[in-house]
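Peer 1: Below is a structure I'd like to ask you about.
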């Protein structure tokens, strides 16, 4: 049936409308595509160019040179040395196993280091990881020539820490080591440098405490790489900022001399300038080579240090806490003077012991010292004198004087784990022990036994304050980046000079008077004399039965049960410059073992070099010559000759 003209016209109009709708939709879609293309190609051109560049161009951080550490005379104590290494980024390598196999064919790789690197790459596939360290120049050259065939591999020239004087500064400067996951986790705002392969940060000592100054700021280099991840060329470089140089107050010559003088004793010694607090020497013995830790110490080497009963890893300078023994008697004396419990002419009688609550507290001299005044109490180190004085003065006054002289204080020094020691009083025992203080506690504390503990650094400060009459604090850093650090002197001590003079006179007689316990350590160098005090602290209880049959001599006991030997002093006596403290663990007698070491150390400081034999008493010169001549000293830092004209 034929469609009429009206139907045909209606159908035509419908087709036209559909065509227009379809055409409009097509035009709209086309316009949308054109708009999107314009947006991508014009509006976002820079962004996509950047993404393309990021695939082609990589930015690599450049580790800055670590700041150097010098002694007070400009001797380098911690420096940097150039090393060669090869690193790898896992995600830039096509086949890690194939690349490493190729690398093995070029140079010898340490298996332990390689396995550690592979584990690290599994954790950090997008970061550079060192495969081999401290390569020779020849090995680095071979790798560099073959780099186009080693995707992801980068040969590098870097810097590593080195300690030229080795053992002398292990406990002062410490050492650096590779950044660990723990280091990153502990950092409040992790520096991107910590992700740099083989980057080193301070682990202990001044290296750690001064990390912010020594580290510096990173640089960067832009490199072009192809689709396979091979670096084609360097496009640009921005140099970083080296770390700041640090100058310590330490004298390298004096430090080396004392280190050698202590030898393999388990001991510590500190020499301090009493005029400004400069620590001229701080030695803990035996020591170790910090260079072993820089690239990672081996298991056997670490086990040897860890299992040594003389504890070479322990910093006895500030961590070692010891009963100060008779070196504490100056504290008790000045507390008694301040309390008005004793005057210049007062005397106490020593019959060999004091009896308190049916218990005898013995003097070291079994028969007693007879009548004892202030000077004799120090000169002959009478214990009974201080037992009596402690009962009159009381522990709280003694503790207050000890703190005034620097004991019980954790000094703000650029070392790790600085101990505050222990100055006990009534409140301390009640709080920490849940017990009340008793008279026997005071008697023990009065002679530096019982609960009292002090470090060699604190003993040197105590002695320096007595000598100078100043509130002097120890200072280890002289300057940072050329900017001087403040002096350690805070002002005069709140102690009358007459009280200080009482202690000073007694200390002078310890060394220079007949019957002084330190008389074997006297010297006379260009008219300069010194003052000191010996100390012997017990590490075991002596029973009544042993005392009745005779106390066993230290040399007849196992090393670990012998008394600690201590000696403190200052010089010159009439114009103090330096204080010294020496502690020899299980050394026996303070006057016989620690005293001669302290004497030689302070003589070196006064002389500016090895002490002249003519300064020793005539009877001691041959022995002194033998001791000094046997020392293994570093000729680059130790000044002067062992022998001199007599």
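Peer 1: Only one residue in 316, 329 is more than 25 Å from residue 504 (Cα to Cα) and crowded, with 22+ Cβ neighbours inside 10 Å. Which one?
Peer 2: One residue alone meets the criteria, 316.
Peer 1: Would you check if residue 457 is crowded, with 24+ Cβ neighbours inside 10 Å and within 21 Å of the chain's Cα centre (by Cα)?
Peer 2: Yes; evaluated as a whole, the condition is true for this residue.
Peer 1: Shifting gears a bit: Pick out the one residue from 309, 301 that is modelled with pLDDT under 95, in a helix (DSSP H, G or I) and surrounded by fewer than 24 Cβ atoms within 10 Å (Cβ to Cβ). First the steps, then the outcome.
Peer 2: Values: 309 fails: in a helix (DSSP H, G or I).
None of the others qualify; the one that does is 301.
Peer 1: Next question, about the same structure. What do you reckon, is residue 594 buried (at least 23 other Cβ atoms within 10 Å of the Cβ), within 14 Å of residue 519 (Cα to Cα) and in contact (Cβ under 8 Å) with a residue 60 or more places away in the chain?
Peer 2: yes
Peer 1: Does residue 478 satisfy the criteria of being under 32 Å from the mean Cα position of the chain (by Cα) and either assigned to a strand (DSSP E or B) or at pLDDT below 95 (or both)?
Peer 2: Spelling it out, residue 478 is indeed under 32 Å from the mean Cα position of the chain (by Cα) and either assigned to a strand (DSSP E or B) or at pLDDT below 95 (or both).
Peer 1: Further question on the same structure: Pick from the stretch 145-176 the residues that are part of a strand (DSSP E or B) and closer than 30 Å to residue 417 by Cα: which of them is nearest to the chain's Cα centre (by Cα)? Can you show your working first?
Peer 2: Looking only at the stretch 145-176, we keep the residues that are part of a strand (DSSP E or B), and these are 153-162, 175-176.
With closer than 30 Å to residue 417 by Cα added as a condition, the list becomes 159-162, 175-176.
Working: 159: 22, 160: 19, 161: 16, 162: 16, 175: 8, 176: 11 Å.
Among those residues, the one meeting the criterion is 175.
Peer 1: If I filter the stretch 125-143 down to residues being in a helix (DSSP H, G or I) and in contact with a helix residue (DSSP H, G or I) (Cβ under 9 Å, 6 or more places away or on another chain), which single residue comes out as surrounded by the most Cβ atoms within 10 Å (Cβ to Cβ)? Walk me through how you get there before you give the answer.
Peer 2: Of the residues in the stretch 125-143, the ones in a helix (DSSP H, G or I) are 137-143.
Narrowing the set further to residues that are in contact with a helix residue (DSSP H, G or I) (Cβ under 9 Å, 6 or more places away or on another chain) leaves 139, 142-143.
Values: 139: 18, 142: 15, 143: 22.
Taking the candidates together, the pick is 143.
Peer 1: For the stretch 578-625, how many residues meet the condition of being out of contact with any strand residue (DSSP E or B) (no Cβ under 9 Å at 6 or more places or on another chain) and not in a loop (DSSP other than H, G, I, E, B)?
Peer 2: Total meeting the criteria: 10.
Peer 1: Conditions: (1) modelled with pLDDT of 75 or more; (2) on the phi < 0 side of the Ramachandran plot. Residue 74 meets all but one. Number of the miss?
Peer 2: (2)
Peer 1: Name the one entry in 377, 381, 419 that is in a loop (DSSP other than H, G, I, E, B), at pLDDT 95 or above and closer than 28 Å to residue 512 by Cα.
Peer 2: None of the others qualify; the one that does is 381.
Peer 1: Now for a different question. Output the qualifying pairs, or none if there are none: Cβ atoms under 7 angstrom, residues six or more apart or on different chains, first residue in the stretch 256-279 and at positive phi and crowded, with 23+ Cβ neighbours inside 10 Å, second residue modelled with pLDDT of 95 or more and assigned to a loop (DSSP other than H, G, I, E, B).
Peer 2: That search, which allows pairs on different chains as well, returns 277/473; 277/474.
Peer 1: While we're on this one: Count, please, the residues in the stretch 235-262 that happen to be more than 27 Å from residue 486 (Cα to Cα) and at pLDDT below 90.
Peer 2: 6
Peer 1: Just wondering, is there one or more residues in the stretch 468-476 that are surrounded by fewer than 19 Cβ atoms within 10 Å (Cβ to Cβ), over 23 Å from residue 323 (Cα atoms) and in contact (Cβ under 8 Å) with a residue 40 or more places away in the chain?
Peer 2: no
Peer 1: Another one. What's the number of the only condition in (1) modelled with pLDDT of 70 or more; (2) outside any helix (DSSP H, G or I); (3) surrounded by 10 or more Cβ atoms within 10 Å (Cβ to Cβ) that residue 36 fails to meet?
Peer 2: (2)
The values are calculated or read from the model by the stated rules, or taken from the named source; none is laboratory data. Quantities reported herein were computed from a predicted structural model and do not represent experimental measurements. All Cβ positions, even for glycine, are placed from backbone atoms using ideal geometry, and neighbour counts span all protein chains on display.
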